[in-house]
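Trainee: If you scroll down you'll find the structure; I have some questions about it.
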């Protein structure tokens, strides 16, 4: 019987334990892929939408814009003052409101804007319906419409299950996927005459940094930032996220190694007599270790493939149900698969060495 056949035969003898080991490896691999895929997907989605905002500057109050919250504490009276600053072509007030998703999973964003001016500034168009006029009307982008299976005339629940009628669908995606009129958002937040920030479009040929300095001189005490710096990559917005991802990768490796080590250790105990027979027939330590490692590598490989398939299926299901975005990069897929396979091999190393050191006489006498 060939070495490969021997490994497969050993696995077939204990199918339940082998399956449990594979599932353990799959769990570590799928955890790594799901968390890294979600981080990458949501980050890239945020950057895509932010890249379609064509205003160069954002004018706001310090602390108004946070990752998971926002307030409307900036007076819209600043709009006229900003338009009078040399180099400013347009100033548009916006309310960004972050709220708990009505389905109880994560956060959603809504924006209050003067649709006509906002759409003109950012090159957006309605592909169906019209702009919102009443306070219970919204427009949504094509992605939101597809995700929620909404059409013009449909109803969407926002801000604690308030019903809003969808009156338009727009493209391209830009900022929040749901947009109300500025007046409607002010009513929701009970903040008349207020906004979260003001988008500033500079005149052609003007240096945004120079315009920002002029604004700061004319209206001191506020915060002026480049748009590209405000809507940045989410991984850079959360300083500890890269550390968390590295810890997660390490955890996946440990889970895989421990599961395989436990399975192989128990298996070797059950195979003590078999190992004794092999050694009495002249099998070397290297042969014994090699057989056990081959079995561990096979378990790790199959478990890793199962983990990859699980991550792809679960990511697709969560994306359809909750609208979250997963992007599984080739680099992270390779890393996760390597974790499963190498983790399994490392986990089996101690049981393999222990088996190789067994005395043939003691092993044959083992009951």
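Trainee: Test residue 282 against the criterion of being at pLDDT 70 or above, outside any helix (DSSP H, G or I) and over 11 Å from residue 354 (Cβ atoms), and give yes or no.
Mentor: Against the criterion (at pLDDT 70 or above, outside any helix (DSSP H, G or I) and over 11 Å from residue 354 (Cβ atoms)), residue 282 qualifies.
Trainee: In addition: Is it true that some residue in segment 329-343 is assigned by TED's automatic domain parsing to the domain that holds residue 277, outside any helix (DSSP H, G or I), buried (at least 16 other Cβ atoms within 10 Å of the Cβ) and modelled with pLDDT of 80 or more?
Mentor: No, segment 329-343 contains no residue that is assigned by TED's automatic domain parsing to the domain that holds residue 277, outside any helix (DSSP H, G or I), buried (at least 16 other Cβ atoms within 10 Å of the Cβ) and modelled with pLDDT of 80 or more.
Trainee: Scan segment 289-308 and tell me whether some residue there is under 19 Å from residue 40 (Cα atoms), in contact with a helix residue (DSSP H, G or I) (Cβ under 8 Å, 6 or more places away or on another chain) and either at pLDDT 75 or above or buried (at least 19 other Cβ atoms within 10 Å of the Cβ) (or both).
Mentor: Yes.
Trainee: Which number in (1) out of contact with any helix residue (DSSP H, G or I) (no Cβ under 6 Å at 6 or more places or on another chain); (2) at pLDDT below 75; (3) within 28 Å of residue 334 (Cα to Cα) marks the one condition that residue 39 misses?
Mentor: Among (1) out of contact with any helix residue (DSSP H, G or I) (no Cβ under 6 Å at 6 or more places or on another chain); (2) at pLDDT below 75; (3) within 28 Å of residue 334 (Cα to Cα), residue 39 violates only (2).
Trainee: So, one more: Six or more apart or on different chains, Cβ atoms under 6 Å: show the pairs whose first residue is in segment 54-70 and at negative phi and assigned by TED's automatic domain parsing to the domain that holds residue 199 and whose second is in a loop (DSSP other than H, G, I, E, B) and at pLDDT below 85.
Mentor: Note: pairs meeting the criteria are 64/71.
Trainee: Continuing with this model, one more query. For segment 317-328, give me the residue count where each residue is surrounded by 16 or more Cβ atoms within 10 Å (Cβ to Cβ) and either at positive phi or part of a helix (DSSP H, G or I) (or both).
Mentor: 3
Trainee: Step by step: first the residues of segment 108-118, then only those that are surrounded by fewer than 19 Cβ atoms within 10 Å (Cβ to Cβ) and touching a residue at least 40 places away in the same chain (Cβ under 8 Å), then the one that is nearest to residue 164 (Cα to Cα). Which residue is that?
Mentor: 109
Trainee: Look through 346, 314, 302, 353 and report the one residue that is over 24 Å from residue 14 (Cα atoms) and either assigned to a helix (DSSP H, G or I) or in contact (Cβ under 8 Å) with a residue 40 or more places away in the chain (or both).
Mentor: Answer to the selection: 314.
The values are calculated or read from the model by the stated rules, or taken from the named source; none is laboratory data. Keep in mind that what you see is a predicted model, and the values were worked out from it rather than measured. FYI the Cβ positions are ideal-geometry reconstructions off the backbone, even for glycines, and counts take in every protein chain you see.
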